[in-house]
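*Asks:* Please read through the structure below; I'll follow up with questions.
The values are calculated or read from the model by the stated rules, or taken from the named source; none is laboratory data. Worth saying up front: this structure is predicted, and the values here are computed from it rather than measured. Cβ coordinates were reconstructed from backbone atoms using ideal geometry, including for glycine residues, and neighbour counts include every protein chain displayed.
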Amino acid sequence: MNCFKKLVLGSLCLYFSLPSVAQVHPGLMMTKGNVPAIRKGVSTYPILKSSYAVVKTDADLALSQPIVVPDPADAGGGYTHEQHKKNYTHILNCGIAYQISAEKKYADYIRNILLKYAASYEQWPLHPKRKQGHQGGKIFWQSLNDFVWQVYTIQGYDLAYEAISAKDRATIEKHLFKPMMTFFTVDCKETFDKIHNHGTWDIAAVGMTGYVLNIPEYVQMAIKGSKKDGKTGYLAQVDQLFSPDGYYTEGPYYQRYALLPFVIFAKAINNYQPELRIFEYRNQLLAKAINTSLQLTYTNGVFFPINDAIKDKTYESPELVYGVDIAYADIKAQPELLDIAQKQGQVVVSDAGLKIAAALHENKTKPFVYESQWIGDGANGQDGGLGILRYGKNSDQQCLLLKAASQGMGHGHFDRLNILYYDNNVEVFPDYGSARFMNIEAKKGGDYLPENTSWAKQTIAHNTLVVDQTANFKGNWQIAQEHPAVKLFFNDQKNQQVVSAMEENAYPGVSMKRTSALIKVPALSKPLLLDIFQASSSTPHQYDLPFWYKGNLIDASFKINAYTNNLKTLGSKYGYEHIWLNAEQNVPETGGYISILNNKRFYTTHFATDSPIQVKLLSLGANDPEMNLVESKAFLLSQKQASNQVFFTITEAHGQTNPVSETTVGSKSVVSDLKVDSADAQKVLVSFKVKGKVYHYQINYQDKNNYIQLTNADDTK
């Protein structure tokens, strides 16, 4: 469409020539040649019509109010922060409204507001409340938000471009966009060249602006990095941040967030230089990344909240609306994506959104299928990964996630071999996520709270083993980044799904292996969650294995003597200082059980070990002067001193209660007699009973072809 001609992806080389034809606008998400079809689609296809109605409502709201471009003053969630966010939304929506309605008033709004920004931008210093330890922005408290602002704004400008006079465009570009590009690439050079989601947004903003303004220099820098040597920039980001399975190393929450600049810049490259086949890069990696993002949600659409995640984020977020639309329209027309688009209930009013809307109208949808799978981490897929086990229909699915990935850079948590367990559309064994109230100014301006470091990142905050009351790698993420976990085994057979992984670097001299499985036995309608955690060392250690749970404690095999008037903390650092010890009880190696009621279903966790332990009942909230921590409860299996330790648990989902009819059925578990029969570096053998029938379960660490053996025999005792 313009001057940009050739990109050799394999060698990261980019060549340019001067324009041979006049540049055409719009050319990003919506292209000029498709505008008539999109206009027709708005009146023809229900989902496109309703999506445009939302856009037009916001655009009309913008026109009904005075244009406000305040001097930046507030942190995240504050007035000026939110006003500038509203402004870029208004700019984009007015651009779309202009193209669909052809009413110049919408383009005039974009011209007028951008002229106001152009009159002020060069006078603004760095933001007065810029985040400590982060590159400050000029419009927002962190440069990341400035990059996001431009990704949205340049789309609106592109849509209104031909309705803005050449004189006004020159003013806007000279006093706003070009100074902004200098800030993004020079003042923020470290971020621009960083292999990180902040860098991705910076790159996308610069590259998209380069295409719209017809400045090859910007595009070249965006794709190849500030030095134009290919060591940084867009392709380096794609190469280093995504595994071959499409997993983004910072985790699902940040994969969701980072996907938008990745896919929208790819869309721009494809529109302006289709010969480059950017969507074919790394075997259609971006399509894999979008599909993997969807697979990294539970069946209710909520992303697995590992690492610094804001909980309750779903695939309905704008980033995945863009991603799904582009994946279907520009990469591969997978009918399963239409199912997700239908659930999202909206499309981007664009070329891609038009294709989705038409396909939905033609009933091309197929159900999206959640799969049990191993998703590798790291550029080569060999830096550990996530094991996901699923059983049952989407309406009532059991799902287990074993996190055996790399650290996830600075946003990673110290939670090697952590598990999350879902059932009946709720969390059973949850992940805390991050300690943050996004955009709530009263809570540290919406930034991460101090408790994100002192609690949420700590190992004890997760469902995994803690050694000597310390965090993995003693809380040093740079060291942790160098030592990913190791996949041992994965099997997704329907009735015996297994994932097993090992961690040998988190604690010096301690080897940890965890094998988790969803095992279907004939006597039960739902699989059992079987979990074996083995720790081995040449010296004694304290081993603590917490299970943070949702719901109410209903029953236990031991008498609970809770402390009623003298609570004390579980420890003094590494997150232990935030935990109240509510009760503790010594139990023999034969173990016991704890029953929880959650969403009208019972969950009984049976446990056995190879030596006597303590069971501790915990709640979160100690040393929390500003009441920042979210209510959480756990039971902890604790061994005060052992060299080698096996924790064997089985969680059974059973029964139900109906508060309306006041009925309860199946409240008692039918699992019993857990036992660790033997354990060494080569094998672990355990046994248990279900309705009196004995089952033997063996892990063969050295035999990949016969890794798991499950056998049963009639109980003859």
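*Asks:* Just the residues that are under 30 Å from Tyr79 (Cα atoms) and either within 20 Å of the chain's Cα centre (by Cα) or among the hydroxyl-bearing types (Ser, Thr, Tyr) (or both), please, taken from segment 418-450. Walk me through it before giving the result.
*Replies:* If we filter segment 418-450 for residues that are under 30 Å from Tyr79 (Cα atoms), which is where we start, we get 432-450.
Tyr432, Gly433, Ser434, Ala435, Arg436, Phe437, Met438, Asn439, Gly446, Asp447, Tyr448, Leu449 - these are the residues of segment 418-450 that are under 30 Å from Tyr79 (Cα atoms) and either within 20 Å of the chain's Cα centre (by Cα) or among the hydroxyl-bearing types (Ser, Thr, Tyr) (or both).
*Asks:* I would also like to ask the following. Tell me yes or no: at least one residue of segment 638-646 is surrounded by fewer than 21 Cβ atoms within 10 Å (Cβ to Cβ) and under 28 Å from Asn452 (Cα atoms).
*Replies:* Yes, that holds for at least one residue.
*Asks:* Right, something else. Would segment 141-153 turn up any residue that is out of contact with any helix residue (DSSP H, G or I) (no Cβ under 8 Å at 6 or more places or on another chain) and of a type in the set (D, E, K, R)?
*Replies:* No; the residues of segment 141-153 include none that is out of contact with any helix residue (DSSP H, G or I) (no Cβ under 8 Å at 6 or more places or on another chain) and of a type in the set (D, E, K, R).
*Asks:* Return the residues of segment 209-223 that are over 15 Å from Lys178 (Cα atoms) and surrounded by fewer than 22 Cβ atoms within 10 Å (Cβ to Cβ); say none if nothing qualifies.
*Replies:* Matches in segment 209-223: Gln220 only.
*Asks:* Output yes when any residue across segment 605-612 is surrounded by fewer than 16 Cβ atoms within 10 Å (Cβ to Cβ), in the same structural domain as Lys675 (by TED's automatic domain parsing) and more than 29 Å from Leu528 (Cα to Cα), and no when none is.
*Replies:* Pass one, segment 605-612, residues surrounded by fewer than 16 Cβ atoms within 10 Å (Cβ to Cβ): 611-612.
When the remaining residues are screened for being in the same structural domain as Lys675 (by TED's automatic domain parsing), the result is 611-612.
Narrowing further to those that are more than 29 Å from Leu528 (Cα to Cα): none.
No, segment 605-612 has no match at all.
*Asks:* Next question, about the same structure. Would you say Val206 is hydrophobic (A, V, I, L, M, F, W, C), assigned to a helix (DSSP H, G or I), free of Cβ contacts under 8 Å to residues at least 60 places away in the same chain and surrounded by fewer than 21 Cβ atoms within 10 Å (Cβ to Cβ)?
*Replies:* Numbers: hydrophobic (A, V, I, L, M, F, W, C): yes; assigned to a helix (DSSP H, G or I): yes; free of Cβ contacts under 8 Å to residues at least 60 places away in the same chain: yes; surrounded by fewer than 21 Cβ atoms within 10 Å (Cβ to Cβ): no.
So Val206 fails the test.
*Asks:* Go through segment 186-203 and count every residue that is assigned to a loop (DSSP other than H, G, I, E, B) and either under 21 Å from Asn270 (Cβ atoms) or of a type outside the set (Lys, Arg) (or both).
*Replies:* So the answer is 4.
*Asks:* Then there is this: Please give the number of the condition Thr57 fails out of (1) in contact (Cβ under 8 Å) with a residue 24 or more places away in the chain; (2) more than 23 Å from His175 (Cα to Cα); (3) β-branched (Val, Ile, Thr).
*Replies:* (1)
*Asks:* Quick one: count up the residues across segment 351-407 that are polar (S, T, N, Q) and surrounded by fewer than 19 Cβ atoms within 10 Å (Cβ to Cβ). Steps first, answer last, please.
*Replies:* We begin by selecting, within segment 351-407, every residue polar (S, T, N, Q); these are 363, 365, 372-373, 380, 382, 394-395, 397-398, 406-407.
Those still in the list that are surrounded by fewer than 19 Cβ atoms within 10 Å (Cβ to Cβ) too: 363, 365, 373, 380, 382, 394-395, 397.
Residues in segment 351-407 being polar (S, T, N, Q) and surrounded by fewer than 19 Cβ atoms within 10 Å (Cβ to Cβ): 8 in total.
*Asks:* Report the residue count in segment 669-701 for those that are under 17 Å from Leu528 (Cα atoms), touching a residue at least 60 places away in the same chain (Cβ under 8 Å) and not in a strand (DSSP E or B).
*Replies:* 3
*Asks:* Of the residues Ser632, Ser661, Ser638, only one is in the same structural domain as Ser678 (by TED's automatic domain parsing), of a type in the set (Gly, Ala, Ser) and under 30 Å from Ala679 (Cβ atoms); which?
*Replies:* That would be Ser638, the only listed residue that is in the same structural domain as Ser678 (by TED's automatic domain parsing), of a type in the set (Gly, Ala, Ser) and under 30 Å from Ala679 (Cβ atoms).
*Asks:* Okay, moving on. Check Ser638, Ser611 and return the single one that is farther than 30 Å from Lys444 by Cα, modelled with pLDDT under 95 and not basic (Lys, Arg).
*Replies:* Of Ser638, Ser611, the one residue that is farther than 30 Å from Lys444 by Cα, modelled with pLDDT under 95 and not basic (Lys, Arg) is Ser611.
*Asks:* Just for segment 561-618: of the residues that are assigned to a loop (DSSP other than H, G, I, E, B) and acidic (Asp, Glu), which one is nearest to Thr470 (Cα to Cα)? Write out each step before concluding.
*Replies:* Just the residues of segment 561-618 that are assigned to a loop (DSSP other than H, G, I, E, B), to begin with: 561-567, 570-575, 588-591, 599-600, 610-612.
Within this subset, residues satisfying the condition of being acidic (Asp, Glu) are 589, 610.
On the way: Glu589: 25, Asp610: 23 Å.
Of everything passing the filter in segment 561-618, Asp610 is nearest to Thr470 (Cα to Cα).
*Asks:* Among the residues of segment 328-338, is there at least one that is in contact with a Ser or Thr (Cβ under 7 Å, 6 or more places away or on another chain) and modelled with pLDDT of 95 or more?
*Replies:* Filtering segment 328-338 for residues in contact with a Ser or Thr (Cβ under 7 Å, 6 or more places away or on another chain) gives 335, 338.
Keeping just the survivors that are modelled with pLDDT of 95 or more gives 335, 338.
Checking segment 328-338: at least one residue is in contact with a Ser or Thr (Cβ under 7 Å, 6 or more places away or on another chain) and modelled with pLDDT of 95 or more.
*Asks:* For Gln344, which of the numbered conditions (1) surrounded by 18 or more Cβ atoms within 10 Å (Cβ to Cβ); (2) touching a residue at least 40 places away in the same chain (Cβ under 8 Å) fails to hold?
*Replies:* Status for Gln344: all satisfied but (2).
*Asks:* Evaluate segment 228-243: report whether one residue or more is part of a loop (DSSP other than H, G, I, E, B), surrounded by fewer than 24 Cβ atoms within 10 Å (Cβ to Cβ), of a type in the set (Asp, Glu) and more than 17 Å from the chain's Cα centre (by Cα).
*Replies:* Yes - at least one qualifying residue is present in segment 228-243.
*Asks:* Filter segment 415-448 down to the residues that are in a loop (DSSP other than H, G, I, E, B), modelled with pLDDT of 95 or more and in contact with a strand residue (DSSP E or B) (Cβ under 9 Å, 6 or more places away or on another chain) and list them by number.
*Replies:* Matches in segment 415-448: Asp415, Arg416, Leu417, Asn424, Pro430, Asp431, Tyr432, Ser434, Ala435.
*Asks:* Any residue in segment 484-505 that is aromatic (Phe, Trp, Tyr) and either more than 21 Å from Ile375 (Cβ to Cβ) or in a helix (DSSP H, G or I) (or both)?
*Replies:* Taking every residue of segment 484-505 in turn, none turns out to be aromatic (Phe, Trp, Tyr) and either more than 21 Å from Ile375 (Cβ to Cβ) or in a helix (DSSP H, G or I) (or both).
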